[in-house]
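Undergrad: The following block contains the structure, expressed as structure tokens.
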Amino acid sequence: MPDKTYLSPDEREALKKEIFASLHCALPGTVVSFDAERQTAVIQPAVKVGSMTFPLLGDVPVFMPVPFEVHPGDACLVIFADIDIDAWFDTGVPQEPRSARKHALSDGFAFVGFKTGGAT
């Protein structure tokens, strides 16, 4: 019986592609709407992968070191947390994450204030 402890080069490459396809670290995006009271936004990721477009990212906390207005169409960078942020975001208290999510599209933070080449 062959030893299946090690993956073939093709199996390793397929596994690597599968892992990277589900790993999200940072994406450029555009603000669709902004909730000033909660300082959260709906963000449209501003990239495509082949024919795939990313879904809208809802309820994304927005980093605002200095108070300023956020408007639909503003450019941003969305950073994805290493873990599920829901419990922390809802309470502000350190606690166990609610799920085992890692680098998920639903755990993003928006950094707004970039001026892109198309900005006026």
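Undergrad: Give segment 50-86 a look and list any residue that's among the small types (Gly, Ala, Ser), over 21 Å from LEU23 (Cα atoms) and buried (at least 17 other Cβ atoms within 10 Å of the Cβ), or say none.
TA: Passing the criteria: only ALA75.
Undergrad: So, HIS24, is that one at pLDDT below 90 and within 15 Å of ALA110 (Cα to Cα) or not?
TA: yes
Undergrad: Restricting to segment 13-50, count the residues that are under 12 Å from VAL70 (Cα atoms) and charged (D, E, K, R).
TA: The qualifying residues number 2.
Undergrad: How about segment 87-109: which of its residues are among the small types (Gly, Ala, Ser), surrounded by 10 or more Cβ atoms within 10 Å (Cβ to Cβ) and in contact (Cβ under 8 Å) with a residue 12 or more places away in the chain?
TA: Passing the criteria: SER99, ALA104, SER106, GLY108.
Undergrad: Give the residues of segment 21-49 that are closer than 20 Å to ASP84 by Cβ and not in a strand (DSSP E or B), sorted by residue number.
TA: ALA21, SER22, LEU23, HIS24, CYS25, ARG38, GLN39
Undergrad: Does PRO72 fit the bill of being farther than 18 Å from HIS24 by Cβ, modelled with pLDDT of 85 or more and more than 14 Å from the chain's Cα centre (by Cα)?
TA: For PRO72, the condition - farther than 18 Å from HIS24 by Cβ, modelled with pLDDT of 85 or more and more than 14 Å from the chain's Cα centre (by Cα) - is met.
Undergrad: Output yes when any residue across segment 87-110 is within 12 Å of VAL31 (Cβ to Cβ) and touching a Cys at 6+ places or on another chain (Cβ under 8 Å), and no when none is.
TA: yes
Undergrad: What about ARG12, is it more than 22 Å from PHE114 (Cβ to Cβ) and surrounded by 10 or more Cβ atoms within 10 Å (Cβ to Cβ)?
TA: So ARG12 passes the test.
Undergrad: Mind checking which residues of segment 48-71 are touching a strand residue (DSSP E or B) at 6+ places or on another chain (Cβ under 6 Å) and of a type in the set (Phe, Trp, Tyr)?
TA: PHE54, PHE63
The values are calculated or read from the model by the stated rules, or taken from the named source; none is laboratory data. Just so it is clear, the model here is predicted, and its values are computed rather than measured. Every residue, glycine among them, receives a Cβ derived from its backbone with ideal geometry; neighbour counts consider all protein chains shown.
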